[in-house]
Each structure stands twice: as structure tokens, then as C-alpha cells.
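Data first, discussion second: the structure below is written as C-alpha cells.
The values are calculated or read from the model by the stated rules, or taken from the named source; none is laboratory data. Just so it is clear, the model here is predicted, and its values are computed rather than measured. Note that each Cβ is placed from the backbone with ideal geometry, even for glycine, and that neighbours are counted across all protein chains shown. To get the accessible areas, we keep the full protein, side chains included, count just its heavy atoms, and leave off ligands, DNA and RNA. Shrake-Rupley method; radii C 1.70, N 1.55, O 1.52, S 1.80 Å.
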Amino acid sequence: MTRLPLRLRARVRRLTRPPRGSPPGLIQAQPDAPRPSLRVMRFSEQSLEESRPASTDVPTPAPDASVTWLNVDGLGDAAVIQRIGETYGLHPLALEDTVNVHQRPKVEEYTEVLYLVVRMPRESAGGALDTEQLSIFLGRSFVLTFQEREGDCLDPVRERIRRGRNRVRRSGPDFLAYAVIDSVLDAYFPLLESFDDHLERLAEEAATRPSEQTIVRLQQVKHDLLTIRRAVWPLRDALTQLYRGEHVLICAETRPFIRDAADHAFQIMDLVETQREIASSLVDLYLSTVNVRMSEAMRLLTIIATIFIPLTFIAGIYGMNFDPDASPWNMPELRWAFGYPTIMLAMAAMALAMVIWFARMGWLPKRPPKRRRERNFP
């Protein structure tokens, strides 16, 4: 799948929204969305049960003190989404936002359920960065996560649950929801580290050997950083609202961890803003380097043209068809035995004198200094 241009992607997002005049809470699946695939993890401190039920067999919340984590990959069947919402008592407006995957990160409180939206980073087939909507429902004994398609960054959370007695197994569903959000935020840090290395290479390329591909790659980096900024900026505000508010579904022991996740979001935003400034400065460096090279080329061409102006003048004079036999003043040099070499030597001397004068004036392009090889000291 190739990456669509920005205008075309915005057009596609507008087309995938519900039609105008639709009643609120309408669950309308996108025609190209994959069909739902369910994955259930039901655990407590002493037990763990994993299963992959059919989409027609929606599991119910556990009646005991265990936590149920239902993960849904794919939103292509509105009937399955509706059945899950009825089973867990989800609000229709929240289900509508779950299916329409153009939501910004947010936190909404419904009766007995908290609805959270985060954006997971995902690399598209064309190599560009994109984000996927992850909808999280937090209840008293369950956590529901809805993804657009299979594949996510939540495997570390699943491994922590399988590992045995740890904080995730001992805590309630609120800590599981925090762990999911924290895993999504942790997925952004390797991307930002790769952007650091990429910007360093682009800085050297922009200063030494700029090309058209340099500015294209710089613009792609700026677009990817803007994608991360759009995904993390509202999530930072939502997490701040979450740990500062009084939510009955979030216990006091989990609030410090949510505050730590919000701090991670602040760190990501600081890194993104720093890298955006670096990318903008590299664009200026690229333009400056190109302008300097163009100025040097234009100066060299101007010097060459200036040298050939008097030479062309001399050649033009002796190219005129005057007959020396008609008058002794009509180009007597044409009768000289060494007239041709004399004129050529005079033209060469004039060109050499102009080159020396240009060099003394400092107008000739200078060769860049050779890069000294760095010695590796033990």
C-alpha cells in the first residue's frame, strides 16, 4: 500500500465518516476495514487464561475478582462491535468514535466506563510513519482495546502478564489500562532515536553534498515529526486530566503511574520540538549551501565570460574583411610574417594577466579544504 498524499488522505477520511444527518451513535464499519479478530486474556494473581474466541462468541466479564482483557483487531463488522458494546455496557457514542478512526487522543467518562483514545505509531508500506487509532474501554473488571488491524506494540504487556506474579497481575484493570498506554508511549522513543541518527546524516549531506533528495528526505522527516506531535500532544493533556481528576475507576495506587506516563508524553513532546527545530535549521542550511554553490558557479562563469570579452574583441577585429592592398592602414598586421603567433601570444598574455588579477582580488572560487583523517587512539 503506497502512502497517499496529504490532501487525498484528508479526502478519504472525510468519505469514511458517517453520512450527514446520521443519528448520533450510528455504528457504520468502513468497507475496507478487516473483520474483527478477538483475543482474550483473563487473569488474576494466581491464574491466567488465554483464548481466541470466534467473533460471534463474545466473552462476558469474569464474575470473580479476575481482570478480563479483550483485544479486538479489525473494525470491519458493525454487528460484532455492537454485540461487544451490549455485552459490556458501552455507550453508543463511544462505539461510534471507535469505528470512525479519525479521532484525536482524548479521555471521556461514561457511566461505569472510561473511554480513552490513543494513537499507536505504525510504519506504512511506503516507509513513512503513520498512526493507528487504539480505543481503550476501562471498566470495573475489564479492559477492552480496539485496533484497526492486527499487529501492535502491546506484546511487552502480554509478556508481563504471562510472566507470573507482578504488579499487572496483582493490580486491577486501571493498572492494565495504564500499562497499555505506557507501552504505546514507549514505542515512540525508538522512532525519535532513529530520527536523531537520520538528522545527523542529513546535516552532513546538506553541508557537503546537497541534492534534490536531501530536501525531500528533510520534508519527510518534518512530516513524520508532525505526525508524532499530533498524536502525543492531545494525549499529554488527556493523561494530565486523567491523573488530576477524580475517577472512581482509577485507584490512588495507579495515579502516580499515570502521572509518570504523562511525564513520558512531555519528554516525547520536548524531543519532537527539538528535532523539528533541527529539521527546519537543516532546510535553511540546505538552501544556504545550494545558494553558495550557485553563487560560486555564477562567479566562475562570470569570470570566464569576462576573460573572453577582450579576446573576442581582438578576434572580432581581425576577423573583419579589410583588404591591406587597398590601403597601408587596412590591417598591416596581416602582412607580418609572425602576425598570427604574435596575436595569439598577446591574447594568452591578456587572459593570464586577468586570471592573476582576479586571484589577487580573491574572486576565484576556492577549493574546499581536505578533511583530515581522524586517528583512532587506543
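Going by accessible area, probe 1.4 Å, with all protein chains left in place, what is the ranking of Ile27, Ile304, largest first?
So, going from the largest accessible area down, we get Ile304, Ile27.
So, counting K/R as plus one and D/E as minus one, what does the shell of residues with Cβ under 12 Å around Asp263 add up to?
Here the count lands on -1.
May I ask for the net charge around Val40, where only other residues with Cβ less than 13 Å from the Cβ of Val40 are counted and Lys, Arg are +1 while Asp, Glu are -1?
Overall, the nearby charge balance is 0.
Protein chains only, probe 1.4 Å: how do Cys153, Cys251 rank by accessible area, largest first?
Working: Cys153 30, Cys251 55 Å².
Result, largest first: Cys251, Cys153.
Quick query: amide H of Arg149 versus all other amide H atoms, modeled in the peptide plane; which residues come in under 5 Å with a sequence gap of 5 or more or a different chain?
Amide H neighbours of Arg149, under 5 Å, 5+ apart: Gly74.
Going by a ≥ b ≥ c, the root eigenvalues of the Cα gyration tensor, does region 76-204 fall in the rounded group (a/c under 1.5), the prolate group (a/b larger than b/c) or the oblate group?
oblate
Please compute the per residue accessible area over region 236-307 with all protein chains in place, 1.4 Å probe, rounded to a whole number of Å².
57
If you fit an axis through the alpha-carbon atoms of helix 188-208 and take the longest principal axis of the Cα set of the chain, what angle between them do you get, 0 to 90°, nearest 10?
0
Per residue, how much accessible area does region 115-158 have with a 1.4 Å probe, in Å²?
Dividing the accessible area of region 115-158 by its residue count gives 29 Å².
Top mean-square fluctuation among Thr60, Thr240, Thr306, Gaussian network model of the chain, C-alpha springs under 10 Å?
Thr306
Which residues' amide hydrogens lie under 5 Å from the amide hydrogen of Ser171, considering only partners 5 or more residues apart or on another chain, with H built in the peptide plane?
none
Taking Cα atoms, how many degrees apart are the long axis of helix 339-361 and the longest axis of the chain, rounded to 10 and kept between 0 and 90?
So the inclination is approximately 40 degrees.
For labels at Met294 and Arg360 in the simple 7 Å Cα→Cβ model, what's the distance in nm?
3.4
What does the charge dipole of the chain about its Cα centre add up to, to the nearest 20 debye, if the Cβ of each Lys and Arg holds +1 and the Cβ of each Asp and Glu holds -1? Don't jump to the answer; show the numbers that get you there.
Values: 49 positive and 47 negative charges, 157 e Å.
I would put it at about 760 debye.
Of the listed peptides 315-321, 134-140, what is their order by residue-averaged count of other C-beta atoms within 10 Å, with the highest listed first? Walk me through the numbers on the way to the answer.
Values: 315-321: 9.7, 134-140: 21.7.
Highest-to-lowest ranking by the protection proxy: 134-140, 315-321.
Excluding ligands and nucleic acids, what accessible area in Å² is computed for Ser51 using a 1.4 Å probe, to the nearest 10?
50
Just to check I understand the Karplus step: with θ = phi - 60° and J = 6.51 cos²θ - 1.76 cosθ + 1.60, what whole-Hz values come out for region 47-59, glycine and proline as x?
In residue order, the calculated couplings are 9, 8, 9, 10, 7, 10, x, 5, 5, 7, 10, 7, x Hz.
When the label point is put 7 Å from the Cα of Arg39 along its Cα-to-beta-carbon vector, which residues of region 182-204 have a backbone N closer than 15 Å?
In region 182-204, the label zone of Arg39 (backbone N under 15 Å from the point 7 Å along Cα→Cβ) covers 183-184.
Could you order Leu239, Leu345, Leu334 by accessible surface area, starting with the largest, using a probe radius of 1.4 Å?
Accessible-area ranking of Leu239, Leu345, Leu334, largest first: Leu345, Leu334, Leu239.
Measure off, as a whole percent, the carbon and sulfur share of the 1.4 Å-probe accessible area of the chain, all protein chains present. Present the calculation step by step, with values, prior to reporting the outcome.
Values: 12370 of 22180 Å².
After summing per-atom areas, the C and S share lands at 56 percent.
With an 8 Å cut-off on Cα pairs and a minimum separation of 6 or more residues, tell me the relative contact order of the chain in percent.
13
Do the sum for the chain: with -39,500 (n - 2.57) for every DSSP H run of n ≥ 4, divided by all residues, what is the mean residue ellipticity at 222 nm, to the nearest 500 deg cm²/dmol?
That calculation yields -18000 deg cm²/dmol at 222 nm.
Could you tell me which residue out of Thr145, His223, Pro105 lies farthest along the dipole of region 87-228 toward its positive end? Charges go on the beta carbon: Lys and Arg +1, Asp and Glu -1, centred on the Cα centre.
Sorting the options by dipole projection puts first Thr145.
Name the long-range amide H neighbours of Val143: under 5 Å, sequence gap of 5 or more, or other chain; modelled H, no Pro or chain starts.
Thr68, Trp69, Leu70
So what J values fall out for region 90-101 if you push phi through Karplus, 6.51 cos²θ - 1.76 cosθ + 1.60 with θ = phi - 60°, rounded to Hz, Gly and Pro as x?
Residue by residue, region 90-101 yields 8, 6, x, 5, 5, 5, 5, 5, 5, 6, 7, 8 Hz.
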